[in-house]
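> My questions all concern the structure below.
What follows is calculated from the coordinates using simple rules that are stated; it is not laboratory data. Fair warning: this is a prediction, and the values are worked out from it, not measured in the lab. Here Cβ is always computed from backbone atoms with ideal geometry, including for glycine, and neighbour counts include all displayed protein chains.
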Amino acid sequence: MKYRPSRRTRRLAIGTAVMLALAATNGPWLYRFGTERYHTYAVNRPEYKAANGHWDFLDVPSEHRINTIHAALLHTGKVLLVAGSGNNQKNFDAKTFRSVLWDPETGAFKDIPTPKDMFCAGHTQLPDGKLLIAGGTKRYEKLEGDVTKAGGLMIVHNEDPDKPVTLPAGTRFTGKGNGRTYVSKDPVLVPRATKVFDEKTGAFLHNDPGLGRIYVEARKSGTRYESGTEDNYRIAGLTGSDTHNVYGIAQKLALDKKDFQGIREAFEFDPVAEKYLPVDPMNEARWYPTLTTLKDGRVLSLSGLDEIGQIVPGKDEIYDPKTRTWAYTGVVRKFPTYPAVFLLNDGTLFYSGSNAGYGPADEGRDPGVWDLDTNTFTTIPGLGDPDLMETSATVRLPPAQDERFMVIGGGGVGESAKSSEKSRLVDLREPHPEFRDGASLSEGTRYPSASLLPDDSVLVTGGSGDYRGRGGSDILQARLYDPASDTYARVADPAVGRNYHSGSVLLPDGRVMIFGSDSLYADAANTRPGTFEQRVEIYSPPYLYRDTRPELTAGPERIRRGGTGLFTTRDAASITSAKLIRPSAVTHVTDTDQRSVALDLEKAPDSVTVTVPDNRALVPSGWYMLFVTDAEGTPSEGTWVEIP
């Protein structure tokens, strides 16, 4: 007799077939769904957090979401997020410039009126707790093909030793050889000529003309208005002796790519009044500059692209917070844009070789120690891959007294696809410092963020393998670096990729804020334009998941260098170390303000006394977060202390 399956068996068979079909169709989704649910469960387990820390998204209301380019922690405990135009041409054209103030304690956000486009400015902390912001964007770049009017740099010469000359915007320059006329976009002050005498006889030799630099462009569009070669230019509107004393010289004025242009404007952000205060503008326009605080509290402004889109020709200048004015240093030293320049304990400066790119590939890129007073520069050898320092991050390892630095990752010049996995270490206390390779990252990493933590570890996170995350190369990894053992430990992974225009800021409670990312493309195939990442993540390190944590209950708000401060605490016996951490002011992943200074510590039954080192360069005037830690390295929350 032929076997016939029962009705129940047939139903089971049909159901199984349907399930198999569904599984075949939706298997990847089911796998992802199950994997994501398990991942969410795993990373939220208490034991996982205690070992790896935890990431959370910051809940930013839609009206306060901006393209954060810069961020700085203020002594009020609030964080200033700055976008300016946010690398958005439409915002720039509409003069829509944004800044937002975030209070980590209350979770409140506040829009801050922003007077100029601070996109890619420089900034640093001032001794009184204000934030100095200088430079920004005057014009967005125009790629070749988008430029319709021939233009470029005009060098204006003034051979009159008796007076300077000011030429207004709209001044016309006509080539003596090519006959073409170009018009200036801005006013320019051309200094008077300098008389040159024979050093031995005192006899007059000649005049060195004063020089002014100005951007000019043709009055009409088209290739027929390109100049072709260098020419001498007559200037319309001059009278008397100026007609032959003042003239222009320009190389080819063409339809080539035009780079970003910088601005001179500078502002102090007042954390108490919560507004920008205009100060004296810089002498040079700067886009992508670095601001570095000197030991006397003044601020050095370096590099940047000027008002005509060319690298500032080594004309460094200093801001005096007391007079709110700028003055040239009188020395010339060229760097690429955003050079990572740090103040050392003897008052000299260290350039790590990290930079954000604009400038010649073969000039000003060697790392070294710079004595600003004598303008001497001592190169530091030993870099294993000196051609991959662009977009690297530099961090001053704790304690700052040791003068050890680490340069992390980086890539090739410009839009290179090359990247480095190396961490290079240098100890500047050595008689003849040299870089050596330290622990490596798992893969080549451009734009890594590095934040000092109060337990003396360094959080290294984010970055991408290729230029601006090209090819879907964002690296979703975070590591804690131990300076004592020169080792990386993998910790919880962030959810968001971070590349160009990203950074990280240590918060007073010991968490770290990660912001920004400006991907070139939105897919691995590089077919869809990228969008700026407005989401902000907060990383809570493992030390925040321990059972106990030291606590300072009261103490002074001001301690002088060489002086002491007594702070009460409920369990002084558990405290083993104390340190001052200077609050962050970060852009393009490098933060020259960041430092952790170890303090001498004495304990009583219910208090601790800390002593601040008597070194103005090691501890520049300003506001710091005071942390104490226990034997496990668990830190207290930061207590704000002013060093006058």
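> Among 530-538, 623-631, how do they line up from the highest to the lowest mean number of other beta-carbon atoms within 10 Å?
Details: 530-538: 17.9, 623-631: 22.3.
The peptides rank, most packed first, as 623-631, 530-538.
> Still on this structure, please answer the following. In terms of modelled amide H atoms, which long-range or inter-chain residues lie less than 5 Å from the amide H of residue 383?
For residue 383, the qualifying residues are 435.
> Mind sorting out which of (1) 116, 85, 47; (2) 107, 62, 57; (3) 96, 70, 41 is the real Cα extents along the principal axes in Å computed from the coordinates?
Derived directly from the coordinates: (1).
> OK, next. For the stretch 552-643, take N as its residue count and report Rg(C-alpha) divided by 2.2 N^0.38 Å.
Working: Rg = 13.2 Å, N = 92, 2.2 N^0.38 = 12.3 Å.
Expressed relative to 2.2 N^0.38 Å, the Cα Rg reads 1.08.
> Which distance in nm do the two modelled labels at residue 631 and residue 387 give, with both placed 7 Å along the Cα-to-Cβ direction?
5.3 nm
> So if we plug the beta-carbon distance of residue 484 and residue 415 into 1/(1 + (r/R0)^6) with R0 = 45 Å, what FRET efficiency do we get, rounded to 0.05?
Values: r = 38 Å, r/R0 = 0.84.
For residue 484 and residue 415, the calculated efficiency is 0.75.
> Can you give the FRET efficiency for residue 199 and residue 402, using 1/(1 + (r/R0)^6), R0 = 41 Å, r = Cβ-Cβ distance, to the nearest 0.05?
Numbers: r = 47 Å, r/R0 = 1.15.
With R0 = 41 Å, the Cβ-Cβ based efficiency is 0.30.
> Go through 483-490, 313-320 and give me the packing order, highest mean Cβ count within 10 Å leading. The partial results should precede the final answer.
Values: 483-490: 13.6, 313-320: 18.1.
In decreasing order of mean packing, 483-490, 313-320 become 313-320, 483-490.
> Kindly express, to the nearest 10 degrees and within the range 0 to 90, the angle between helix 7-43's C-alpha long axis and the longest C-alpha principal axis of the chain.
It works out to around 50 degrees.
> From the P(r) of the stretch 221-335, could you give the percentage of C-alpha pairs in the tail past 22 Å?
Working: 3497 of 6555 pairs.
It works out to 53 percent of all Cα pairs.
> A further question follows. Tell me what the chain gives for mean residue ellipticity at 222 nm when only DSSP H runs of n ≥ 4 count, each as -39,500 (n - 2.57), the sum divided by the residue total, rounded to 500 deg cm²/dmol.
Numbers: 4 runs with 53 residues, N = 644.
Here the helix-only value at 222 nm equals -2500 deg cm²/dmol.
> Turning to a different aspect of this structure: For the charge dipole of the chain, defined by +1 on Lys and Arg C-beta atoms and -1 on Asp and Glu C-beta atoms about the Cα centroid, which residue among 218, 173, 289 has the Cα displaced farthest towards the positive pole?
Towards the positive end, the residue furthest out is 218.
> Can you classify the stretch 151-250 as rounded, prolate or oblate using the Cα gyration tensor, where a ≥ b ≥ c are the square roots of its eigenvalues, rounded means a/c under 1.5, and otherwise it's prolate if a/b beats b/c and oblate if not?
Numbers: a/c = 2.66, a/b = 2.08, b/c = 1.27.
Note, shape of the stretch 151-250 comes out prolate.
> Here's a follow-up. Could you tell me whether the stretch 88-209 comes out rounded, prolate or oblate from its Cα gyration tensor? Rule is a ≥ b ≥ c as square roots of the eigenvalues, rounded for a/c under 1.5, then prolate if a/b exceeds b/c, otherwise oblate.
Values: a/c = 3.82, a/b = 1.66, b/c = 2.30.
Oblate.
> Multiply the residue separation of residue 320 and residue 239 by 0.36 nm, subtract the distance between their alpha-carbon atoms, and state the gained length in nm to one decimal.
Details: separation 81, 0.36 × 81 = 29.16 nm, distance 3.94 nm.
Additional length available on full extension: 25.2 nm.
> Gain in length, residue 526 to residue 376, computed as 0.36 nm per residue apart minus the alpha-carbon separation, to one decimal in nm? Walk me through the numbers on the way to the answer.
Values: separation 150, 0.36 × 150 = 54.00 nm, distance 4.54 nm.
49.5 nm is the gain from fully extending residue 526 to residue 376.
> Let me ask another. Given that compact globular proteins tend to follow 2.2 N^0.38 Å, what is the ratio of the alpha-carbon Rg of the stretch 181-236 to that value? Write down the numbers at each step before the final one.
Details: Rg = 17.1 Å, N = 56, 2.2 N^0.38 = 10.2 Å.
Cα-based Rg divided by the globular estimate yields 1.69.
> To continue, here is another question. Give, rounded to the nearest 20 debye, the magnitude of the charge dipole that the chain has about its Cα centre when Lys and Arg contribute +1 at Cβ and Asp and Glu contribute -1 at Cβ.
Numbers: 76 positive and 84 negative charges, 603 e Å.
Using only the charged Cβ atoms, the result is roughly 2900 debye.
> Please work out the Cα center distance from the stretch 445-474 to the stretch 317-387, rounded to the nearest Å.
23 Å
> Looking only at the stretch 463-495, which residues have a backbone nitrogen under 19 Å from a spot 7 Å from the Cα of residue 48 in the C-beta direction?
Inside the label zone: 476-480, 489-495.
> At a 10 Å Cβ-Cβ cut-off, how would you order 442, 449, fewest neighbours first?
Working: 442 11, 449 26.
The order, fewest Cβ neighbours first, is 442, 449.
> Using per-residue counts of other Cβ atoms within 10 Å, averaged over each peptide, order 236-242, 66-72, 565-571 from highest down. Can you show the working numbers first?
Working: 236-242: 11.6, 66-72: 26.0, 565-571: 16.3.
Per-residue mean Cβ counts within 10 Å order the peptides as 66-72, 565-571, 236-242.
> Then there is this: Output the relative contact order of the chain, whole-number percent, from Cα pairs under 8 angstrom with separation of 6+ residues. The partial results should precede the final answer.
Numbers: 1815 pairs, mean separation 77.0, N = 644.
RCO, the chain: 12 percent.
> A further question on this structure: Which GluC sites (Glu not before Pro) in the stretch 182-239 sit in a loop by DSSP (not H, G, I, E or B) and have at most 13 other Cβ atoms within 10 Å of their own Cβ?
In loop regions of the stretch 182-239 (DSSP not H, G, I, E or B), the sparsely surrounded GluC sites (Glu not before Pro) are 199, 230.
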